[in-house]
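Contents: one structure, followed by commentary.
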């Protein structure tokens with residue numbers, strides 16, 4: 001048991017900390033930068049999409065307005081928009097849809113005055129579900145884009 005615990009601690013130490021939100025081992029909150037903590041305290045980090053769509057909904061537009069206001073006040077901060085999908089569809093299709101969702105968020109933020117070169121995008125498709133399950137409630141939570149403060 002001690003060996004297993006030691007191995008786990010070594011892995012944690014080697015992976016280090018990250019403020020990349022869902023990309024980090026523990027969700028990013030343990031080692032988040034001051035800017036990342038401030039962003040999370042003042043703006044929602046995710047927007048949701050309808051099935052098979054990358055169109056910005058009214059609810060998403062409100063969240064993105066708040067994000068843009070925060071980003072326009074913190075011009076030294078860059079972000080990554082991560083696009084995700086639910087489990088339905090092929091891997092390739094969902095990677096493309098996740099990319100369209102991330103780019104839709106980026107373009108919306110740019111339309112609100114955030115410089116395009118401050119926003120990167122990446123698609124994870126259906127590979128990193130926020131909620132496990134094969135039902136509409138789970139799928140709705142997985143059809144999302146997450147804006148994450150980037151570590152510089």
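The values are calculated or read from the model by the stated rules, or taken from the named source; none is laboratory data. Note that the structure is a prediction, hence the values are computed from the model and not measured. As a convention, Cβ positions derive from the backbone with ideal geometry for all residues, glycine included, and neighbour counts pool all protein chains shown.
Closer than 18 Å to residue 38 by Cβ and buried (at least 19 other Cβ atoms within 10 Å of the Cβ): which single residue out of 105, 79 fits that description? Only one candidate qualifies: 79. Would a scan of segment 15-26 turn up a residue that is outside any helix (DSSP H, G or I), surrounded by fewer than 20 Cβ atoms within 10 Å (Cβ to Cβ) and either more than 15 Å from the chain's Cα centre (by Cα) or at pLDDT 95 or above (or both)? Checking segment 15-26: at least one residue is outside any helix (DSSP H, G or I), surrounded by fewer than 20 Cβ atoms within 10 Å (Cβ to Cβ) and either more than 15 Å from the chain's Cα centre (by Cα) or at pLDDT 95 or above (or both). Checked against (1) under 26 Å from residue 34 (Cβ atoms); (2) more than 14 Å from the chain's Cα centre (by Cα); (3) buried (at least 20 other Cβ atoms within 10 Å of the Cβ), residue 97 passes all but a single condition, namely (1). Residue pairs whose Cβ atoms lie under 7 Å apart, separated by 6 or more positions or on different chains, with the first residue in segment 109-131 and in a helix (DSSP H, G or I) and the second at pLDDT below 95 and buried (at least 19 other Cβ atoms within 10 Å of the Cβ), do not occur. Selection over segment 132-152 of residues that are surrounded by 14 or more Cβ atoms within 10 Å (Cβ to Cβ) and either touching a strand residue (DSSP E or B) at 6+ places or on another chain (Cβ under 7 Å) or not in a helix (DSSP H, G or I) (or both) gives a count of 11. Of all residues in segment 82-99, those that are on the phi > 0 side of the Ramachandran plot have Cβ atoms under 8 Å from Cβ atoms of residues that are outside any helix (DSSP H, G or I) and buried (at least 18 other Cβ atoms within 10 Å of the Cβ), 6 or more apart or on another chain, in 89/126. What's the total number of residues in segment 32-64 that are modelled with pLDDT under 95, in a helix (DSSP H, G or I) and surrounded by fewer than 17 Cβ atoms within 10 Å (Cβ to Cβ)? Residues meeting the conditions: 5.
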